[in-house]
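See below for the structure under consideration.
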Amino acid sequence: MTDKQNVPVTSEPVANSPVTDAPAVDSVSEPKGKKSKVWLIVLIIVLILLCLGISAIVFFVRNMSTDTISDLSDTNEQVDEIDESTDTTNLSESSDLAGKWVDVYSESGQGSKNTKIFQIDRDNSNGWQIIYTFAGSSDTSTLSIDSTSPPLTYGTTVVDHVYENGEVSLDEDGPYYLTIATDDDSSWTIQIKQLMNDQILTNVLDDSTGEWADILSDEGIGSQNTEVFQISKDNSKGWEIVYTFQGSSDTSTLYIEYVVPELTYGTTVVEYVYEGGTFTFDETTTGSYYLRIGTDDNSSWTVEIRQLLD
């Protein structure tokens, strides 16, 4: 009895029996490793996708910001274009000549002669000068120059019996011509310069929008008054007198003033010129007018009145 009780029944079979739990332990631990690797791969994939998504979002936001800035720039450019194209009825073209000498008139000749009429800009004048040269035909030949205001036949002597070159300064303003006196074989040149005290403004109508309407056309020889014409107040952007002139001599000039009906005198718009040109009025000058043309009996002219309507 005691021998049976002392036999280690469980120890030998346990030692000799096949280990059934070891494979079970191995089979359980292996799937856990695989699962960890799978989860790691999934996590990496998720992180990659997340990075790609963030990059895509950043790229989209940047593009959207750029497009917005571009749109704002385009909008600003459009606003600028609108501001630049804002209709101004009367544009002023300016030339800053303050303190500068500008050429007014030049002529050369031989013997005695009256020059053409030239205009000293009375609004911008700081004085003017006559620069002259003289080549006499003998030791006793002299040069005499008078400045004369049209339509006078005599004037003020500025160079009196000289026989060499020189210059003289004057401070009057207005239209003049020069009376040159010397013997028939003596030659001379004169150059007129004016000292400016301000910029020159030239009115020009902006006809990029609007439509020109013909108001009056006339032509003639010698002095004459035109018919009365009407400048409409409605939709007016201004109007112009376009004129041509063909004088019968070197001293022939054209003089134009616009006159309100019933008045005996008017406002000068073209003063003693010997070539064609244009004179511009702004939109505030409206009503009924006629033109008074003044010149000598053998000189021809044309005038055309046209209005710019909005």
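Applying the criterion of being within 24 Å of Glu262 (Cβ to Cβ) and among the small types (Gly, Ala, Ser) to the residues of region 205-221, the residue that is nearest to the chain's Cα centre (by Cα) is Ser217.
In region 273-308, the residue that is farthest from Val242 (Cα to Cα) out of those that are open to solvent by 50 Å² or more (accessible area, probe 1.4 Å) and not in a loop (DSSP other than H, G, I, E, B) is Arg292. Among the residues of region 224-240, those that are open to solvent by 40 Å² or more (accessible area, probe 1.4 Å) and either part of a strand (DSSP E or B) or in contact with a Gly (Cβ under 7 Å, 6 or more places away or on another chain) (or both) comprise Gln224, Asn225, Gln230. Scanning region 110-147 for residues that are closer than 15 Å to Val158 by Cα, open to solvent by less than 10 Å² (accessible area, probe 1.4 Å) and of a type in the set (Val, Ile, Thr) returns Thr115, Ile130, Ile145. Return yes or no: is Glu257 closer than 25 Å to Tyr105 by Cβ and modelled with pLDDT under 95? The answer is no for Glu257. Only one of the numbered conditions (1) farther than 23 Å from Glu211 by Cα; (2) part of a strand (DSSP E or B) is not met by Ser249, and that is (2). Return the residues of region 241-256 that are over 26 Å from Ser112 (Cβ atoms) and open to solvent by 20 Å² or more (accessible area, probe 1.4 Å); say none if nothing qualifies. The answer is Val242, Tyr243, Thr244.
Among what's in region 191-223 and is of a type in the set (Gly, Ala, Ser) and either in contact with a Pro (Cβ under 8 Å, 6 or more places away or on another chain) or outside any strand (DSSP E or B) (or both), pick the residue that is most open to solvent (accessible area, probe 1.4 Å).
Start the filter on region 191-223 by keeping residues that are of a type in the set (Gly, Ala, Ser), which leaves 208, 210, 213, 217, 220, 222-223.
Now narrow it down to the ones that are either in contact with a Pro (Cβ under 8 Å, 6 or more places away or on another chain) or outside any strand (DSSP E or B) (or both): 208, 210, 222-223.
Working: Ser208: 92, Gly210: 45, Gly222: 2, Ser223: 74 Å².
Step by step, filter region 191-223, then rank; the result is Ser208.
Can you confirm whether Trp188 is assigned to a strand (DSSP E or B), modelled with pLDDT of 95 or more and under 29 Å from the mean Cα position of the chain (by Cα)? Outline the logic, then answer.
Numbers: assigned to a strand (DSSP E or B): yes; modelled with pLDDT of 95 or more: yes; under 29 Å from the mean Cα position of the chain (by Cα): no.
Answer is no for this residue.
When region 257-271 is filtered for residues that are of a type outside the set (A, V, I, L, M, F, W, C), open to solvent by 50 Å² or more (accessible area, probe 1.4 Å) and not in a strand (DSSP E or B), the ones remaining, listed by number, are Glu262, Thr264, Tyr265.
The values are calculated or read from the model by the stated rules, or taken from the named source; none is laboratory data. No experiment lies behind these values; they were computed from the predicted model shown. A quick note on method: Cβ atoms are made from the backbone with ideal geometry, for glycine too, and the neighbour counts reach across all protein chains shown. Areas reflect the complete protein model, heavy atoms only, side chains present, ligands, DNA and RNA absent. Shrake-Rupley method; radii C 1.70, N 1.55, O 1.52, S 1.80 Å.
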